[in-house]
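Structure, as C-alpha cells:
Read the figures in this text as sums done on the coordinates, not as results from a lab. It should be emphasised that the depicted structure is a prediction, and the values quoted were computed from it without experimental measurement. Note: ideal-geometry Cβ built from the backbone for every residue, glycine included; neighbour counts use all protein chains shown.
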Amino acid sequence: MSQAPTPNETRPPLLSAPSALQPPYLVGTSLNNNITLYDGELELEQGSNRFRHLGSIQFEWLPSPCITFCLRETSTQLLFKVNSDVHIRLHDGRMISSARVTSVSMRSREGQSSWRLVGRVESAPSQAPALPFSYMMFLLPNFLDMMGGPILYPSGTYWAGRIDLRACGWKITIDPIEHPRELREELKGQSGHLVTHVGRMEREDGSTFTEEQAGSILEGLRWYLSFVTGSWTGPLLACGYDGNGSRIRELWNEVRITPWRFVLTWVDRQHLNHLTDSFPGYLHHWTDQDWKEVTELATHWYIEANAQAGSVEGSLVLAQAAFEMLASAIVVEEKGLVSVDAFEKLPAADRIRLLFVWAGVPLAIPASQTELIALANARNWVDLPQALTGIRNPLTHPTPRNRERFRNYPPAARTEAWNLALWLLQMCLLRMCSYTGTYGSRLDLRYVGDVEPVPWATT
C-alpha cells in the first residue's frame, strides 16, 4: 500500500476509486486474534440451575477454529456441570439451544474466591424469521494477495486488490483488509490465522434473496476459494443486511481453515482473470446436483494431496482416486465414450489415460522430470498414466514383493510423480470448468507473473 498520488491530467484521481469494504466484525491486528461476536449479559440454564452474568462469545482460532462463550469472573459459586449441555439466553432475547460447559474454575486471592466458566457454542442463536437479504458480508482468512481493482481505505491509502467474481446471477466482491505489511509478513513467516479479506455477496440484478439461497452459494464459494488457494479457507461469520443497510442476520459458523503455509497453486497473483474466468464454470458444476459430489470430492482430494496428507505416497493415492472418479463421471457418464462395463474392465492406467485424452493434457512425462523419466525407462512405463499407477499400485497392494519394489523407487522420482499428479489434477479440474486461459505452472521454478496457456487452449 502507498499514499494516493496527486491527481493530474493523465492519471485519474484515486479518490474516485471505490471505498474498501469494511469487515462486519473487528478482526484485530495480530495473528490468531479472537473475534468477538457478542459482549453483554448471558443467562445460563442447566436443568434447574440458572445464572445471569456479564460475558462474551468469541470466535477462537486455536487450537482449532471454534466459537466459545465465557462468563466474567464472579464471586458467586458456579454449580454448573462440566461436559454437560447448557442453554444460553442473550440480552436481546436470542437463545442458543446447543452449548456445552467445558471448564468451571475457582481461584482464591487475598481471602476472596472468584469463579470463572467457559464453554463451547455448538449452534447459532435463534433469530426471528429471516427477511430477504439485499446483500451479505463475510470474512475471509488466509487468502491470496491478488493484484486487482483499486480501492480506497478510510486512512487515505489505497491498494489495487479488489476481486470481482460473477457467476449464476451472483456478484461477489472481495477486498483485502488494510493490515500493516509487517503483519502479513508475520503470517507468512510464522503460520497461523489472519482475516486477510472481507467479502460482499449480492444478486447481479439487485434483487433480494433468502438465507437458504445465500448459504448454498457461500458453501460453493468456500470450495472454490479453497481450490484457488490450494488449502482450506472460505467465507466466515457471514452477516445478512436489508436494503437500508441494517444487519438482520448473523450466521455464526465453524469452517475448516488451514493455518497459513506455502503451497503451490495454479493461480498467479498478477493475473486476476485466473479467478474471474474459472469461477463461473466451477460454481456451475458445484450447483448442479449431478456434479456437486464429484466436484467436492475432487477438490477435497486435491487439497489434501497438495498438503501431502499421508506424505508424498499417500498424496499419490488420493490423486489417483480423484483421476479415476473424474474419468468415470466424465468419460463414461457425461460423454459416453465407453460403457460402464468396458470401463470397469480397464486397468487403472487406461482409465486415467482416457481422462487425460479428454482433458487435452500431455501423456508423455515432461523432459524436466528427469528422475521419473529414469525410473519409467527402468520399469518400461510408456507414459504418465502408467508411471503414476506404477508407483501407486505397490502402495495399494502392499505384498512383500511390492513393498520391496517400492523401496527401490528413488524418493526424488516419487516427489516428481506427486508434483505431476497435482499438476494434472489442477488441469483436469480447470478443464472441467471449461477454462481456457493461462495459469501458473508448478512443474518448474517461475517468477510471479510468468504464466502459460492451459494445454487444451486454442490459439
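If you go through the stretch 165-181 one residue at a time, how many are surrounded by fewer than 16 Cβ atoms within 10 Å (Cβ to Cβ) and within 19 Å of Ser216 (Cα to Cα)? The total comes to 3. Listed here are the helices (runs of 4 or more DSSP H) enclosed by the stretch 338-447 that have at least 3 residues being surrounded by fewer than 13 Cβ atoms within 10 Å (Cβ to Cβ) and at positive phi, and there are none. Taking the stretch 108-135 only, how many residues are over 30 Å from Ser84 (Cβ atoms), in contact with a Phe, Trp or Tyr (Cβ under 7 Å, 6 or more places away or on another chain) and either surrounded by fewer than 16 Cβ atoms within 10 Å (Cβ to Cβ) or not polar (S, T, N, Q) (or both)? Final tally of qualifying residues: 3. Of the strands (runs of 3 or more DSSP E) entirely within the stretch 41-92, those holding at least 1 residues that are of a type outside the set (Phe, Trp, Tyr) and under 21 Å from Val195 (Cβ atoms) occupy 49-60, 66-74. Looking across the stretch 315-330, the residues that are without any contact (Cβ under 8 Å) to a residue 40 or more places away in the chain and either of a type in the set (Gly, Ala, Ser) or over 29 Å from Ser231 (Cβ atoms) (or both) come down to Ala321, Ala327, Ser328, Ala329.
Cβ-Cβ below 7 Å, separation at least six or inter-chain, first residue in the stretch 343-368 and over 20 Å from Leu316 (Cβ atoms), second buried (at least 18 other Cβ atoms within 10 Å of the Cβ) and of a type in the set (S, T, N, Q): which pairs? The qualifying pairs are Phe343/Ser328. Would the stretch 217-229 turn up any residue that is over 30 Å from Asn34 (Cβ atoms) and surrounded by fewer than 23 Cβ atoms within 10 Å (Cβ to Cβ)? No, the stretch 217-229 has no match at all.
Among the residues of the stretch 226-234, is there at least one that is farther than 26 Å from Ala128 by Cα and in contact with a strand residue (DSSP E or B) (Cβ under 9 Å, 6 or more places away or on another chain)? For the stretch 226-234, residues farther than 26 Å from Ala128 by Cα and in contact with a strand residue (DSSP E or B) (Cβ under 9 Å, 6 or more places away or on another chain): present.
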